[in-house]
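Worksheet for the structure shown next.
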Amino acid sequence: MLRKRSRLPRLIAAPIAAAALTLTVAGHQASAAGTGPSAPGGAGASGKAAAAPAPCLAGATTLLGDLDGDGRPDKISNPGHTGTKMTVQWGAADGTFGTKQTVSKLLGAKPGEVATAAVADFQKDGKLDMVVNIVEPSGVDDPATARVADYRPGPLKRANLASAHARHLDIGDSREVKQLRIANYGDDKYPDLAILNNAGDGVWDREVRLTKARSGPGSYDSEQQYKYGEHGTPAEPPAMPSDGWKHFYKSCS
């Protein structure tokens, strides 16, 4: 019997003025990395980039954190928490952010394809990572499989979100991914992954991938799926988490 969809609370983020956000980021950055020649990332003997400040939330659907490894916060926006409309704004040295760039375009999605992404520090090593899925929806009941389905540990390249240590993830091998969301199933410090799929035959399901220490999201596990998964239909899809980031990151303010 299919479970009915639960009503998820509507998250309403308070508006944040651009100037206030800039000051918050600059202060957050300075307190974590320090300033001046003797500070990490300054003109000292090490020559290395400053240590990145810890990721934080600038709103219910906005995460600030270092995605490209330059020691400065970047701005990741995820409207609706679905991962299908995600954008990135690269951080500058003065604490401001560049223009919005869609993750879909950065990933090189082709016409007709849908790119879905989830961002978190899956390995808890201070670097933001990304899970990506690119698929051309079938448009019918039979699911299409992914052209790209990767776990990409940070840092990521600004040009195309590539990772030096990317690996295939089995999320799009047999189902058509509709959404990717951050979740807290393991009740530990490692973010997990919730996937909304078209499973075919009129079934939509919620699959899970729990994160393993030092390796990121794992492969399909039948026991974990039995415990945390759920089935539904296109009309009544399974409930999806909408507060995944809040479990792992505090407000920037």
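The table that follows gives values for the structure above.
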quantity: Residues located in segment 163-178, provided they are polar (S, T, N, Q) and in a loop (DSSP other than H, G, I, E, B); calculated: S174
quantity: Residues of segment 71-111 satisfying the condition of being assigned to a loop (DSSP other than H, G, I, E, B), crowded, with 16+ Cβ neighbours inside 10 Å, without any contact (Cβ under 8 Å) to a residue 60 or more places away in the chain and over 13 Å from the mean Cα position of the chain (by Cα); calculated: G71, R72, P73, A109
quantity: Options D150, D187: the member that is without any contact (Cβ under 8 Å) to a residue 12 or more places away in the chain and either under 26 Å from K246 (Cβ atoms) or part of a loop (DSSP other than H, G, I, E, B) (or both); calculated: D187
quantity: Scope segment 190-240; condition under 22 Å from V140 (Cα atoms), without any contact (Cβ under 8 Å) to a residue 40 or more places away in the chain and part of a loop (DSSP other than H, G, I, E, B); matching residues; calculated: P234, A235
quantity: Top-ranked residue in segment 144-155 [being out of contact with any helix residue (DSSP H, G or I) (no Cβ under 9 Å at 6 or more places or on another chain) and farther than 15 Å from T211 by Cα; ranked as surrounded by the most Cβ atoms within 10 Å (Cβ to Cβ)]; calculated: G154
quantity: Of all residues in segment 164-197 being over 21 Å from I76 (Cα atoms) and of a type in the set (G, A, S), the one that is least open to solvent (accessible area, probe 1.4 Å); calculated: G172
quantity: Positions within segment 112-141 being open to solvent by 50 Å² or more (accessible area, probe 1.4 Å) and over 25 Å from D173 (Cβ atoms), in sequence order; calculated: K124, D125, K127
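The values are calculated or read from the model by the stated rules, or taken from the named source; none is laboratory data. No experiment lies behind these values; they were computed from the predicted model shown. Here Cβ is always computed from backbone atoms with ideal geometry, including for glycine, and neighbour counts include all displayed protein chains. Areas reflect the complete protein model, heavy atoms only, side chains present, ligands, DNA and RNA absent. Shrake-Rupley method; radii C 1.70, N 1.55, O 1.52, S 1.80 Å.
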